[in-house]
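The block underneath contains the structure these notes are about, expressed in structure tokens.
Nothing in this text is a laboratory measurement; each read-out follows from the coordinates by a stated rule. A quick note: this is a predicted structure, and the numbers were derived from the prediction, not measured. Cβ coordinates were reconstructed from backbone atoms using ideal geometry, including for glycine residues, and neighbour counts include every protein chain displayed.
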Amino acid sequence: MFYHDKKLQFRVRVEKPNPQFARALQQAIGGIEGEIRVCLQYLFQAWNSRGPVRYRDMLLDTGTEEIAHIEMLATAVALNLEGASNDLVDDLVGKNPMVKAIMGGMDPRHYLSGGLGAMAADANGVPFNGSWVVSSGNTAADMYANVMAESTGRLLATRLYKMTDDAGMKDMLSFLIARDTMHQNQWLAVLEELGHGDLRNVHPIPNSFPQANEQQEFSYTFVNTNIDREASVGMNRRWTEGASIDGKSTFREEFAQPFGEEPKLGPPAAEAFAQTEQMMDTNEKK
């Protein structure tokens with residue numbers, strides 16, 4: 001069950017409406033780095049959570065908070081579009097600079113589809129894609145996905161902060177950046193807890209699969225695919241020498257070589273209607 005408070009989580013004010021910035025803000029709503037992504041990601045992880053209840057509760061809390069961030073950004077988009085709604089029919093021919101800006105360089109869907117409001121889309125008007133949502137059922141894997149999502153989200157917010165000179169927008173974005181800082185630390189804290197204070201205990205993910213079932217001679221080998229057969233560039237290559245990060249082996253480097261055979265496939269299936277010439281022996285010697 002969810003509840004709604006009509007007041008925003010943090011203040012949102014726009015000193016001077018800017019349809020260009022409204023379009024940029026759409027990336028923080030419906031882009032791959034945006035709030036819809038993290039909101040749904042955390043909520044689905046919570047709804048699918050099995051194991052200690054505290055992780056489910058935490059994910060529900062944070063996923064619900066992200067709804068509030070979508071609300072803030074949608075409000076910011078709408079406020080940045082205000083002033084573009086007067087005499088729209090006449091203004092479509094270019095009398096109103098605000099509408100002209102929307103229709104000539106800004107996202108026309110802010111008017112055509114959104115009625116001067118926010119949309120579940122990115123800065124190019126592309127609708128949000130649910131395939132970006134990660135909910136694997138493995139808490140550690142999900143936490144790493146969450147760290148990445150918060151990292152790219154914070155990166156986007158800092159770029160938006162740099163793009164605007166509107167004090168109100170900077171104020172809102174500084175809050176969202178701060179929350180991204182907390183959430184990055186939050187997910188890393190869960191990983192630390194899962195490893196009982198030592199991240200080595202988390203890896204490799206999933207740690208429930210017996211490593212004896214791996215082809216272990218390849219488990220800690222960096223494969224150098226450089227055709228010139230030179231060692232990896234630079235010194236202190238942490239990923240090619242010394243103890244592995246999980247502390248269970250030693251890194252080494254090896255030049256790429258084939259361990260398998262040349263693939264040989266059978267002829268095309270007749271019901272797939274390939275060309276007659278394809279029905280001949282595809283592995284014949286020339």
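Listing for the model above:
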| item | result |
| --- | --- |
| Label-point gap, in nm, between MET163 and LYS264 - each point 7 angstrom along Cα→Cβ | 5.7 nm |
| Relative contact order, percent, the chain [alpha-carbon distance under 8 Å, six or more residues apart] | 18 percent |
| Pairs of alpha carbons in the range 154-277 whose separation is greater than 23 Å (percent) | 66 percent |
| Ascending count of other beta-carbon atoms within 10 Å, so fewest first, for HIS110, HIS203, HIS4, HIS183 | HIS4, HIS203, HIS183, HIS110 |
| Phi to ³J(HN,Hα) by Karplus 6.51 cos²θ - 1.76 cosθ + 1.60 over the range 184-196, Hz, x for Gly, Pro | 4, 5, 4, 5, 5, 5, 5, 4, 4, 5, 4, x, 6 |
| Neighbour-count order for ILE70, ILE36, fewest beta carbons within 10 angstrom listed first | ILE70, ILE36 |
| Geometric extent, Cα atoms of the range 6-83 - Rg, Dmax (angstrom) | 14.9, 51 |
| The chain - mean residue ellipticity at 222 nm from DSSP helices (-39,500 (n - 2.57) per run, n ≥ 4, rounded to 500) | -14000 deg cm²/dmol |
| 3J(HN,Hα) from dihedral phi, the range 126-131, Karplus parametrisation 6.51/-1.76/1.60, rounded to Hz, x for glycine, proline | 7, x, 4, 10, x, 5 |
| Net charge over other residues, Cβ less than 9 angstrom from the Cβ of VAL202 (K, R count +1; D, E count -1) | -2 |
| Residues whose placed amide H lies under 5 Å from that of ALA121, excluding near-sequence neighbours | GLY30, PHE128 |
| DSSP-assigned coil residues among chymotrypsin sites (Phe, Trp or Tyr not before Pro) in the range 1-88, each with at most 10 further Cβ atoms within 10 Å | PHE2, TYR3 |
| ³J(HN,Hα), Karplus 6.51/-1.76/1.60, whole Hz, each residue of the range 159-165, x for Gly, Pro | 5, 5, 4, 5, 6, 10, 10 |
| Least to most buried among TRP239, TRP187 (fewest other Cβ within 10 Å first) | TRP239, TRP187 |
| The chain: equivalent-ellipsoid semi-axes (sqrt of 5 x gyration tensor eigenvalues, Cα, Å) | 45, 30, 20 |
| Amide H within-cut-off set for PHE222, under 5 Å, with H built and near neighbours excluded | ARG252, GLU253, GLU254 |
| When the range 210-257 is reduced to its Cα atoms, the Kirkwood hydrodynamic radius in Å | 11.7 Å |
| Once exposed loop GluC sites (Glu not before Pro) are cut out (DSSP; at most 15 other Cβ, 10 Å), longest piece of the chain | 83-213 |
| Spatial separation of Cα centroids for the range 4-37 and the range 167-201, in angstrom | 20 Å |
